[in-house]
Every structure is written in C-alpha cells, then in structure tokens.
Ligand code: NAD
C-alpha cells in the first residue's frame with residue numbers, strides 16, 4: 001500500500017475512474033497530482049438531493065435501533081480500513097500519520113456513540129393541567145441534511161454529522177472541500193460497503209457532491225434540505241447562514257476559532273508547555289481549535305516562552321508520512337501567503353516574531369512547509385483578533401487575572417479556550433458564567449483534541465452550532481409536542497369555556 005493508487009484501490013475506489021475530471025486533487029506533501037476528479041453540476045446536485053429525499057422517506061420509518069445497525073457496520077468498515085483511510089487523509093490534507101489515523105479513530109468513536117444513541121432518542125413526558133390528559137414530546141427525523149465541510153478535517157466532520165443524522169432517520173448530502181475530494185469519495189465507498197452488508201437500506205441515503213461553492217450553494221438554497229450543517233471559515237458562514245435563514249431552513253455553523261490558553265502564576269509549566277506546543281503547531285496550526293493566543297502571567301512568562309522557543313526549535317518539520325516528523329505542510333500557497341501577511345502585520349503592530357519562514361523549499365519546491373512562528377505582542381492588536389489558519393502563536397503578558405479573562409474574551413471568535421493553573425479560584429472563575437465565553441473551556445488541558453462525547457462548537461463568530469456528543473443529535477430532528485386526551489370530556493387549556 002505504498003502509492004496513492006494502491007491506497008485508493010484498497011479503499012474500494014478505482015483509480016482509473018479518477019482521471020479526466022476537471023478538479024485536480026493534489027497532495028500538499030509535495031504538490032504532486034493525485035487524481036483528476038469529476039465535478040458535479042448544479043443539476044446533478046439537485047438530482048442527488050431528490051434521491052436523498054426519496055431515501056429519507058423510507059428510512060424515517062425504519063426503527064431507530066435498526067438504523068443504528070447500519071452505523072455499527074460503518075464503524076466496522078472504518079476499523080478495517082483505518083490505516084488506509086488515515087494514510088489518504090495524510091496524503092490529501094498533509095497531516096502526520098498519527099493525526100490522519102486519529103481522525104479515522106474519531107469517526108469510529110462517533111459511530112459507536114451513534115449506535116448507543118439509536119436506542120436513546122428520547123423525549124419528555126410533561127404534566128398536563130387537564131384531567132385525563134397526557135402530554136409528551138416526540139422527536140422525528142428532519143429529512144435531508146446537507147453537510148458542507150472544510151479541508152482540515154476532511155473525514156471526521158462528515159462522520160460527526162452523518163452518523164448522528166442517519167441514526168436519527170435522515171439522509172445526508174455532503175459537499176466536501178474542493179481541496180479534499182478523494183477522502184470524501186473514499187468515505188462514500190466505505191459507506192457503500194456498510195450499506196451492502198446491511199442489506200436493505202435505501203439507495204441515496206448518503207450522497208457526495210464534488211465541486212466548489214456553486215455546488216454548496218445548491219444545498220444552501222434547496223428547500224428540500226432541512227438542515228445545512230456547514231463547517232469552514234467565518235467568511236463562508238456569513239454567506240451561508242443568512243441564505244438558509246432566508247428560506248427558514250435550519251443551519252448548524254461550525255466556523256473559525258481564535259483559541260487562547262491562559263497560563264497562571266501557579267501553573268505546572270512543563271504541562272502547560274506541552275499543551276501549548278501540541279495545540280499551536282499540531283496539524284501545522286490548521287485546526288479550528290489550534291492554540292493561537294497565549295496569555296501568560298508576567299511572573300512565569302520568561303520561563304515559559306524560553307521553553308516554547310526550545311520546543312519549537314527542535315520540532316521536526318517535514319514529510320508527514322515519515323513517523324519522526326511532527327509538523328507537516330500547509331495546505332497550499334494561499335495559506336502560506338496569508339501566514340506571511342499576518343506576520344508582517346504582527347511586526348508592524350509591534351510584535352517580535354521568531355520563525356514563520358518557509359523551509360524545505362529545495363526538497364519540496366511545490367509544497368509549503370513553514371517553521372511555526374511565535375509572535376510576542378505588546379497587546380491584543382488587530383492581527384491577533386483574526387484567525388490566520390497557520391501555525392502562529394501570539395504571546396501576550398498579563399498582571400491581573402481579570403485582565404487575562406478580558407483578553408481571552410476580547411476577540412470576535414468563541415470556539416475553544418483553556419487555562420493552566422493550580423489555583424482553584426482561577427480555574428472555577430474561568431469556567432463560570434463570568435469566565436471564558438467559548439463553547440469549549442478546559443482546565444490543565446490545551447485547546448485542541450476534543451473527545452467526541454462532548455458537544456463540540458463555539459459562540460460568537462464561531463457560529464453557535466454544536467455537533468458530535470451530548471444532545472447534539474437534537475439538531476438533526478424536529479420536536480413534536482403531543483397532548484393525548486383519554487377522558488370523556490374536552491376541557492380547554494387555561495380553563496377557557498367556549499360555547500358551553
Ligand atoms: P472555507 O470556508 O474556505 O470552506 C469550507 C467549505 O465551505 C468548503 O467546502 C467550501 O467549498 C464551502 N463554501 C465556501 N463558500 C461557500 C458558499 N458561499 N456556499 C456554500 N459553500 C461554500 O474553509 P477551509 O479553508 O476549507 O477551512 C478552514 C476554516 O474552517 C477555518 O476557518 C477553520 O477554523 C474552520 N473550521 C471550523 C471547524 C469548527 O468545528 N468550528 C472545524 C474545521 C474547520
């Protein structure tokens with residue numbers, strides 16, 4: 001399983017069918033062409049949505065635990081193909097092998113979660129004010145769920161949505177990033193295998209649309225798509241959110257983050273340094289939960305920053321398929337340029353920047369490897385308030401804890417946040433109503449690497465959506481309130497007498 005063609009074959013894709021298309025899939029590892037993928041037209045997108053609608057009409061009547069069986073089989077199929085799919089993630093998104101496989105593990109975990117959930121799609125029983133009446137709520141499938149996903153989690157985000165949506169009785173139409181079409185086609189091939197093992201699931205339960213924005217817009221504007229779950233930049237969410245709202249559709253937005261770690265004076269600095277380094281340079285700074293800001297108490301700032309410089313200097317950068325490397329490439333030249341622009345702005349705004357330059361250009365002239373950057377800033381300047389999707393860590397110092405909290409909350413995004421401290425008051429204040437304003441707030445753990453059991457998502461410009469664990473399944477269902485009268489009278493609520 002060495003060449004990309006071998007991997008595609010192992011995952012059930014015929015590489016010969018991946019030629020002659022209009023979308024060139026390239027590996028960010030070396031810029032090499034992997035395939036020429038066929039794009040869908042808007043008309044084909046509409047046909048796929050119609051097929052999904054038909055499938056959802058049959059699927060909604062299948063008992064939920066039986067629907068769970070399909071997702072159990074998907075989990076099994078993913079287990080059997082974890083190495084191959086993980087490697088394809090590495091090839092197409094540039095993640096190191098451990099992170100590529102970790103992403104597939106996340107898919108397996110959400111399948112397990114969804115299987116259990118398929119027996120727990122429960123509603124409430126509510127006390128009725130009327131005698132001989134029972135009131136309850138039931139949850140029903142929405143129909144067709146549209147999923148739009150970003151390049152940086154090319155497979156996990158689909159599975160977070162699809163595993164829950166399908167046990168909830170829906171069909172899914174997925175528009176992956178145009179930068180990662182192959183992993184999407186591979187997921188679809190694995191889903192087809194699970195469908196075959198299952199036996200009688202309706203065709204069209206999972207559809208994939210390859211293409212750019214226009215194809216995504218077909219999902220956004222279709223009245224047949226009940227929920228659009230969109231993961232990507234805040235720029236994308238600003239376009240998608242209002243358009244779906246215009247037709248009274250539902251949206252689940254998972255957008256950009258600008259995640260901070262506060263390090264207090266009592267923190268375990270070894271632990272903090274490890275958490276910061278993993279969060280800031282892992283996946284080459286291309287996670288939505290990447291640590292982008294460090295807010296450190298002045299009493300420990302010099303010691304911590306020194307440790308970070310040392311760790312950064314020794315972090316191996318290079319081909320993510322070589323197990324010794326921890327930092328792979330940026331996705332493309334556009335990302336590299338955006339990083340350079342941000343570093344220039346950071347310098348202009350008084351920052352002291354270390355790193356950030358291109359490396360390995362001789363070995364990989366068509367790929368974009370960088371040394372992760374640390375920018376010591378005089379304050380939370382304009383550039384710090386923006387998400388640059390690259391490994392830049394902005395460092396700011398504080399004296400008073402209240403100032404640290406104000407910095408933490410003083411950006412437009414609200415995804416993930418963390419504090420390293422051994423001071424109970426600081427930790428609890430950070431988690432309280434007047435603490436972090438993010439969807440994720442951690443103590444003595446970094447900002448990235450969430451488990452699937454919790455609800456994932458963030459506030460403010462991050463979009464407010466919640467996916468994955470906890471009760472995120474409710475996003476994929478509609479709630480009906482039912483009142484049943486088992487008496488021989490027809491009493492009206494609020495004691496109203498009407499024509500009696
Ligand atoms: P992007 O916004 O460029 O693209 C994301 C997806 O949206 C792609 O599939 C793209 O084709 C589609 N798209 C763009 N404009 C659209 C439109 N007007 N209508 C319909 N579809 C449209 O994002 P990217 O560069 O692929 O990913 C990086 C971004 O994603 C970062 O901002 C990152 O923080 C964010 N992200 C967020 C989460 C989260 O859970 N909050 C997870 C992963 C990535």
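Details
- Calculated mean residue ellipticity at 222 nm for the chain: -12000 deg cm²/dmol, from DSSP H runs with n ≥ 4 weighted as -39500 (n - 2.57), summed, divided by the residue count and rounded to 500.
- Rounded, prolate or oblate (a/c below 1.5 giving rounded, otherwise prolate when a/b exceeds b/c) for the range 151-303 by Cα gyration tensor: prolate
- With the alpha-carbon atoms of the range 1-106 aligned to their principal axes, the span from lowest to highest coordinate is 48, 34, 20 Å, starting with the largest.
- Prolate/oblate/rounded label for the range 308-367 (Cα gyration tensor, a/c 1.5): oblate
- For peptides 371-377, 196-202, sequence by mean Cβ density within 10 Å, most packed first: 371-377, 196-202
- When each of the peptides 346-358, 78-90, 407-419 is scored by the mean number of other C-beta atoms lying within 10 Å of its residues, the order from highest to lowest reads 407-419, 78-90, 346-358.
- Structural descriptor for the chain: relative contact order 18 percent, calculated from alpha carbon pairs under 8 angstrom and at least 6 residues apart.
- Chain lengthening between residue 119 and residue 80 when straightened (0.36 nm per residue, less Cα-Cα): 11.5 nm
- Gain on full stretching of the segment that runs from residue 474 to residue 200 - 0.36 nm per residue minus C-alpha separation: 96.1 nm
- Protection proxy ranking of 475-487, 250-262, by the mean of other Cβ atoms within 10 Å over each peptide's residues and highest first, is 250-262, 475-487.
- Residues residue 302 and residue 239, FRET efficiency given R0 of 51 Å [Cβ-Cβ distance, rounded to 0.05]: 0.70
- Between residue 314 and residue 402, the modelled labels are 4.1 nm apart [label points 7 Å from Cα along Cα→Cβ].
- Modelled this way, with points 7 Å down the Cα-to-C-beta line, the labels at residue 57 and residue 363 are 5.7 nm from one another.
- The length gained by stretching the chain between residue 138 and residue 271 to full extension, at 0.36 nm per residue less their Cα-Cα distance, is 43.3 nm.
- Relative contact order computed over the range 103-153 (Cα-Cα under 8 Å; 6+ residues apart), in percent: 26 percent
- For the chain, the alpha-carbon radius of gyration amounts to 1.04 times the rule-of-thumb value 2.2 N^0.38 Å expected for a compact globular protein.
- Overall shape: oblate for the range 27-87, with the ratio a/c of the largest to smallest alpha carbon gyration tensor axis at 1.5 or above and b/c at least equal to a/b.
- Look at 213, 466 and count the other Cβ atoms within 10 Å of each Cβ; fewest to most, that gives 213, 466.
- Cβ-derived FRET efficiency at R0 56 Å, residue 33 paired with residue 129, nearest 0.05: 0.25
Rule-based calculations on the coordinates, nothing more; no lab input. Everything numeric in this text was worked out from a predicted model, so none of it was measured. A quick note on method: Cβ atoms are made from the backbone with ideal geometry, for glycine too, and the neighbour counts reach across all protein chains shown.
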